[in-house]
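Here it is, the structure in full.
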Amino acid sequence: MQLAFSAADIAAIIQPLSSKGTTHSVINGIAALNLAQIGDLSFLGNSKYRQEVAASAASIILLPVDYVGEPRQGQQYFFVEKPSVALARLCARIEQLLWPKPKPGIHPTAVIAMGARIAASATVGPLCLIEAGVVVGERTHIEAQAFIGRNVAIGSDCWLMPRVTIASECVLRDRVRLQSGVVVGSDGFGYEFVADHHEKIPQVGNVVIESDVEIGANTTLDRARFSHTVVGEGTKIDNLVQIAHNVRIGRHCMICSQVGISGSVTVEDYVVLGGQAGLAGHLTVGKGSKIDGQSGINSDLAPGSFMKGTPALPYNLEQRINVLRKRIPDLFKRVDALETKLVDLKKPSAP
Amino acid sequence: MQLAFSAADIAAIIQPLSSKGTTHSVINGIAALNLAQIGDLSFLGNSKYRQEVAASAASIILLPVDYVGEPRQGQQYFFVEKPSVALARLCARIEQLLWPKPKPGIHPTAVIAMGARIAASATVGPLCLIEAGVVVGERTHIEAQAFIGRNVAIGSDCWLMPRVTIASECVLRDRVRLQSGVVVGSDGFGYEFVADHHEKIPQVGNVVIESDVEIGANTTLDRARFSHTVVGEGTKIDNLVQIAHNVRIGRHCMICSQVGISGSVTVEDYVVLGGQAGLAGHLTVGKGSKIDGQSGINSDLAPGSFMKGTPALPYNLEQRINVLRKRIPDLFKRVDALETKLVDLKKPSAP
Amino acid sequence: MQLAFSAADIAAIIQPLSSKGTTHSVINGIAALNLAQIGDLSFLGNSKYRQEVAASAASIILLPVDYVGEPRQGQQYFFVEKPSVALARLCARIEQLLWPKPKPGIHPTAVIAMGARIAASATVGPLCLIEAGVVVGERTHIEAQAFIGRNVAIGSDCWLMPRVTIASECVLRDRVRLQSGVVVGSDGFGYEFVADHHEKIPQVGNVVIESDVEIGANTTLDRARFSHTVVGEGTKIDNLVQIAHNVRIGRHCMICSQVGISGSVTVEDYVVLGGQAGLAGHLTVGKGSKIDGQSGINSDLAPGSFMKGTPALPYNLEQRINVLRKRIPDLFKRVDALETKLVDLKKPSAP
């Protein structure tokens, strides 16, 4: 990962609105303000760190236009509308250097069943297994050791990191990106209790992942009992998330790490689920709702809800209760005191 | 996944008690009542959805015998004792079509150590690794890319989905079904703090999984520090569950997604653990207990306990506290008011 | 796993301070006090089980020096400073028998890119993929089906269990041990909301895992947005843990199963995080802090903090509130009663 950008290279990539100071250092790293050294580029992405700018040793700092201050000797400020967006642009350039487009073709150690149709521009890595009836679209890149089950359909420009499982009959549209260890299409967790034991309910549906979805490492998505488990267009899912059978997730949602979504839940568009939140089965989370981390949702939520806690309450109410909660020991004492006083009050009044 | 069943085919499979109406549509899908279209079969599995039956466009609907109503033109009702059981029977038939029995034999790309004993009726998929001393029973199906470590014993009629790990010395009895990404026999998390660092306690036991157990995708089960981590007969475990070392789980339990069970816990028979629940180490959960989702258990539970919350309380008490919890801001105001009134009361009495 | 130790063998390994009684049984198993049978060795590792010693059928029992009691016929007590340390020593011996050092060399089914440098004393198992630029140190053992991405550097004496992913550019120092299914270097979960959708922020940093770190099954560690996600020397991480991008974990921490650590968190040295705890982004947990299981941390913690609950409070305060919490229904009744009494008090005073 050997970077070497001049200040002029950086300016050409991020197109700053203005600049202050000069550096001749070659930029070969990116680092947080307080960790950066000469040769690093840094940035002010969160105003929380504003006071760290002046002390930063970074050779280049990306700053919002309203930042007031002077660079030190050999340091250059670049002013941009959004430092984090500018940084993203720079990182995108680095990304191209780090992960160059792979050569199309099928590695000789991949095992490809008869009748699988793989686009000539697609790449299939070493030690993959692709079963019968699979279709892989243009420029899709399947890295090493993937399992792609019978009749799976994968669109174009997808990127499957090493060691993913796409079980039979599942569907990925275009530009889907899966991190390592993802399992798409495991059986839903469905049983009937019969006499003295649990009998399996066959799970014969599939999983459909719409375009521009990204899914994090070791996340699991169960196939539907019947019909489809669906992840809507543009939704991003973090690591170690559980999506149960027949869940329907809308478009452009953000689902943070270790969230658990129970069977047959509907999550509408633009919902944000904080890390480790849990959703009970068969409920609907309305469009644009936000659920704080570790919250537990047990009932339908109207669009635009903002919830926190287990069981979740409206965010502001939960925050207020959490503040008062610390004073509960004191409240008990106050009620004790009131009771004592009331007894005392009554005593003298009884002649 | 091309289904094509006539109403007569369906009747033959599910054996309805009675029927109403007639359809000539070919059934080529299964869908929820509100999503079903002509050509779909639907069902009333949860009385919550009873009012959706009349509006459903499904060509066939499976209903409980006490349902009152008339099918629309070209729609047929089948009355059964339990619609979800009838559906399961139908899905079992579809399952046979979707996942036909594999041909016995070992794929040429599997790597099999000398001395492994694999039944002639078993199937070993591509790119599997089977180490020395392994025994695989009759008709067991090991899908692609599995790792089966030294001296592992697997019974008959097991089904291991792609990309599972069974580490050395572990035991699977009969009809065990593992979803993709399961790890059986990772090291237990055991260390002694010595001087200034943690020293590993070797984990030299194994994991024993009894018959008819199913385990969900990317779930992990640690080998015992010594002796055995045990999952009892008929128990079902969902995705992303953590079973620590020396845990002993009884028979016919249901362990939902993302549950964490700490070391040396005993879970007796017929226990149900809701999603994301956590059990602290060295405790016993009595037979038939139910733990609500996200609960935290810190002490032994008597048989038949029904618990909720962190730290968990009896379900009804926790529910009552949760209702009152919303009124805590009001309670503080009421105590404020009482204190004020009491001061006012005292004032006039002081002449 | 056929053990066969005599009492003399055991004494030679654990070096007891003293002994009581005699056994001639061959020890072929290790078991808990209440489960042990003749031929088993057992131990008193937790004083909670002290009363189980007398009834235990174990042939050998490891006991702390302050234990008072007499072995039964054919039973031998070994007194040691710490029974659990003595047991660890015995298990270490068993471990060597169970997992003998593998033969150095590269399995013929492994796929090794041109230019990867693998020490002659290292072992690479079957069906591994090692990409270009990888360096593997002396005596490191990479088990089957691993994926090692471009330019990864792995030190000496590491042990990677089957089916791990080390994505490109990541670094493992010496004696790092990874359980099966670990993913090191998945993309961080970083997006900018632009117009009506989430745009990916490229994640071009890496993960650095310092020496003597152990990581549990199916745990995921995201690469930094830029620079490094770091796990400090000697830290132990359990199964199914999520470490987000740019997290910096100190030395000798213990991170229990299913913990989630959000982006850019700093965890200082010697911190203990209980199972299922969650840490919000961009905060610092001070040196030596302890976080109880399932807790939620939303702000910086001073060194030596001991926290519990969501949102977390100091442990003793949280425990006190949890005790009072059960009495909240009663508190409401008491306030009701106070209000009634106050009304009654006022009534007679109004003539």
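Every number in this text was worked out from the coordinates using simple rules, so none of it is lab data. Predicted, not measured: the structure shown is a model, and the values here were computed from it. No Cβ is skipped: glycine too gets one built from the backbone with ideal geometry, and neighbour counts run over all protein chains shown.
Counting only the backbone N, which residues of segment A:319-345 are under 15 Å from the spot 7 Å out from the Cα of B:K346 toward its beta-carbon?
A:334-345, by backbone N distance to the label point.
Residue by residue, what Karplus-based ³J(HN,Hα) values in Hz, rounded to whole numbers, does segment B:194-211 have, using 6.51, -1.76 and 1.60 with θ = phi - 60° and x for Gly and Pro?
Values, residue by residue: 10, 6, 10, 8, 9, 9, 5, 8, x, 10, 10, x, 9, 10, 10, 10, 6, 5 Hz.
Please compute P(r) over all alpha-carbon pairs of the protein assembly as shown, binned at 10 Å starting from zero, and give each bin as a whole-number percent.
2, 10, 18, 23, 20, 14, 8, 4, 1, 0, 0
Roughly speaking, what % of Cα-Cα pairs in segment C:105-316 are separated by over 25 Å, rounded to a whole number?
That tail contains 38 percent of the Cα-Cα pairs.
Can you give the relative contact order of chain A as a percent, counting alpha carbon pairs under 8 Å and 6+ residues apart?
Value for chain A: 6 percent.
Further, regarding this structure: Round to a whole angstrom and tell me the spacing of the C-alpha centers of segment C:271-336 and segment A:157-213.
Each part's Cα centre sits 36 Å from the other's.
Could you tell me how many cubic angstrom of Cα convex hull volume segment B:7-98 has per residue?
86 Å³
List, shortest first and in nm to one decimal, how far the label point of B:A119 (7 Å from Cα along Cα→Cβ) is from its counterparts in the other copies.
Here B:A119 shows inter-copy label distances of 4.4, 4.4 nm.
If I take all pairs of Cα atoms in segment B:240-313, what percentage of them are more than 21 Å from each other? Mind dumping the intermediate values first?
Details: 156 of 2701 pairs.
Counting every Cα pair in segment B:240-313, those more than 21 Å apart make up 6 percent.
Let me ask something else. Run the simple label-point estimate for C:A132 and B:V65 please: 7 Å along Cα→C-beta, distance reported in nm.
With each label placed 7 Å out from Cα toward Cβ, I get 7.2 nm.
While we're looking at this one, here's another question. For a quick check: with amide H placed at 1.01 Å from N, whose amide H comes under 5 Å from B:S186's, ignoring anything fewer than 5 positions away on the same chain?
Distant-sequence amide H within range of B:S186: B:L221, B:R223.
Leaving out same-chain residues fewer than 8 places away, which lysines sit with a Cα under 16 Å from that of C:K333?
A:K333, B:K326, B:K333, C:K341
Moving on. Which aspartates and glutamates, if any, have their Cα less than 13 Å from the Cα of C:K287, not counting same-chain residues under 8 positions apart?
C:E268, C:D269, C:D300
Quick one: which residues, 5+ away or cross-chain, put their amide H under 5 Å from the amide H of B:L313? H built at 1.01 Å from N.
B:K308
While we're on this one: Considering only DSSP beta bridges where both residues belong to the protein assembly as shown, give the percentage that are antiparallel (nearest 5).
Values: 33 of 237 bridges.
Roughly 15 percent of the DSSP beta bridges within the protein assembly as shown come out antiparallel.
Still on this structure, I have one more. Over what distance in Å are the Cα centres of segment B:85-138 and segment B:42-64 separated?
With segment B:85-138 and segment B:42-64 each reduced to a Cα centre, they are spaced 38 Å.
Would you be so kind as to identify all helices of chain B, as entire DSSP H runs, whose Cα atoms reach 27 Å or more along the helix's own axis and whose mean Kyte-Doolittle hydropathy is at least -1.0? Don't skip to the answer; put the middle values down first.
Working: long enough: B:328-349 (32 Å, -0.28).
Correct list, ordered by number: B:328-349.
If amide H atoms are built 1.01 Å from N in the plane of the peptide, which residues on other chains or at least 5 residues away come under 5 Å of the amide H of C:G105?
The answer is C:A122, C:T123, C:V124.
Could I ask something else about it? Report, for A:H24, each distance to the same residue's label point in the other copies, shortest first and in nm; define the point 7 Å along Cα→Cβ.
9.0, 9.1
Taking chain A as a Gaussian network, Cα atoms linked when under 10 Å apart, which of A:I328, A:I166, A:I209 shows the biggest mean-square fluctuation?
Judging by the Gaussian network model, the answer is A:I328.
Oh, and also: Could you go through segment A:266-279 in sequence order and give the Karplus-derived ³J(HN,Hα) for each residue, using 6.51 cos²θ - 1.76 cosθ + 1.60 with θ = phi - 60°, rounded to whole Hz, and x for Gly and Pro?
For segment A:266-279, the Karplus curve yields 10, 10, 6, 4, 6, 7, 10, 10, x, x, 6, 5, x, 10 Hz.
Now for a separate question. Given the DSSP H assignment, sum -39500 (n - 2.57) over each helix run of at least 4 residues in the protein assembly as shown and divide by its residue total; what's the result at 222 nm in deg cm²/dmol, nearest 500?
-5500 deg cm²/dmol
Quick one: what are the phi-derived ³J(HN,Hα) couplings along segment A:225-230, Karplus 6.51/-1.76/1.60 with θ = phi - 60°, whole Hz, x for glycine and proline?
Result, ordered by residue: 4, 8, 6, 10, 8, 10 Hz.
Let me ask something else about it. Under a straight-distance cross-link criterion of Cα-Cα below 17 Å, which lysines are reachable from B:K290, leaving out those fewer than 8 residues away in the same chain?
Qualifying lysines at Cα under 17 Å: B:K236, B:K308.
Which distances, in nm and shortest first, link the B:K326 label point to the same label point in every other copy, taking 7 Å along Cα→Cβ?
2.6, 2.6
For A:Q15 paired with A:K82, estimate the spin-label separation in nm (one decimal), with each label point 7 Å from Cα along the Cα-to-Cβ line.
Placing both labels 7 Å beyond Cα along the Cβ direction yields 1.5 nm.
Can I ask one more? Using a simple spin-label model with points 7 Å from Cα along the Cα→Cβ vector, what separation in nm is obtained for A:S47 and A:V194?
Inter-label distance under the simple model: 6.3 nm.
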